[in-house]
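Heads up: the structure comes next, in structure tokens.
The values are calculated or read from the model by the stated rules, or taken from the named source; none is laboratory data. Note that the coordinates shown come from a computational prediction; the quantities given were computed from them, not determined experimentally. So basically every Cβ, Gly included, is an ideal-geometry build from the backbone, and we count neighbours across all protein chains shown.
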Ligand code: NAI
């Protein structure tokens, strides 16, 4: 297979001063992408800021013969987020690839969740991806090319104790991804999401060291790089990955049951197992397909 490269492409990677973002930025740059390495440089709970993290990754890229610039803005502020796109255009003339990766944690049980801990987590993960993508969208449309990867999480897809704020933000990113995919389709803009597991400062005290050893962020980046390549036109998908494991994952809707009248509560209870049965599950792409399935079942009943 011919080597996949990013010559002529410009990528913005948020939160690229460490962990997964750094790994994505290094890989893309090593294959010819010019990269905006964004990082606020704060601590893992979102406090503080600094330029060192982004600068270091830019230096690493330069040392490897690649091209990158640093941006220290917070994704959580609309004007600051726009500065990343402005910087890309000023330095490299355009933007093609957006990897929304910046993230923080404010884990706490739902009982102890405060409005502040909810706010900052939604702001960085969910609003951050919105702000950066909103600033880039017009350019991507104008260039008739775009590759967007949002970073969701198993916590967002499946839930996790102590992460109500984080899992809601991450689930929100799946909705954003799927709608961007629909709206981007005719402009050759794809949008996909990843749910990674990797050793980073976010997970260093959550998983045992022997497990972390096999979960280098570098395992995640090749799939991300493929998603943002010219070669990959798949869109609206979510991928679960970590270590050497890679899989697409999806929401499915069962075949459903139909009633030709408004059912009683007992009739619902009577057919509960069928309603819950996903064995003939379908992956639906867009709300139009969901409505289509409802109409199909109703039509069959009334035929
Ligand atoms: P990390 O802490 O090494 O990387 C996150 C980066 O985002 C940091 O360098 C941080 O300075 C930066 N950042 C934080 N707030 C920012 C802001 N407002 N603006 C710009 N940059 C900001 O952690 P990791 O693990 O590499 O996380 C990357 C993404 O992957 C996050 O979105 C995280 O939620 C997600 N993720 C990671 C998992 C894992 O197992 N490591 C699991 C599931 C999701």
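Counting the residues of segment 96-130 that are touching a residue at least 12 places away in the same chain (Cβ under 8 Å) and more than 10 Å from the ligand (Cβ to nearest atom) gives 14.
For beta carbons closer than 8 Å, sequence separation of 6+ or different chains, a first residue in segment 186-203 that is assigned by TED's automatic domain parsing to the domain that holds residue 217 and a second that is modelled with pLDDT under 95 and more than 7 Å from the ligand (Cβ to nearest atom), the qualifying pairs are 199/207; 199/212; 199/213; 203/212. Restricted to helices (runs of 4 or more DSSP H) entirely inside segment 131-219, those with at least 3 residues that are more than 14 Å from the ligand (Cβ to nearest atom) and surrounded by fewer than 16 Cβ atoms within 10 Å (Cβ to Cβ) are 164-184. Among the conditions (1) on the phi < 0 side of the Ramachandran plot; (2) surrounded by 17 or more Cβ atoms within 10 Å (Cβ to Cβ), residue 45 misses just one, which is (2).
Yes or no, residue by residue, for (1) surrounded by fewer than 22 Cβ atoms within 10 Å (Cβ to Cβ); (2) closer than 15 Å to residue 100 by Cβ; (3) more than 10 Å from the ligand (Cβ to nearest atom):
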residue: 3; (1), (2), (3): yes, no, yes
residue: 7; (1), (2), (3): yes, no, yes
residue: 15; (1), (2), (3): no, yes, no
residue: 32; (1), (2), (3): yes, no, yes
residue: 35; (1), (2), (3): no, yes, yes
residue: 41; (1), (2), (3): yes, no, no
residue: 49; (1), (2), (3): yes, no, no
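State yes or no: is residue 229 in contact (Cβ under 8 Å) with a residue 60 or more places away in the chain, in a loop (DSSP other than H, G, I, E, B) and under 30 Å from residue 106 (Cα atoms)? Break it down stepwise before answering.
Numbers: in contact (Cβ under 8 Å) with a residue 60 or more places away in the chain: yes; in a loop (DSSP other than H, G, I, E, B): yes; under 30 Å from residue 106 (Cα atoms): no.
When the stated conditions are applied, residue 229 does not pass them.
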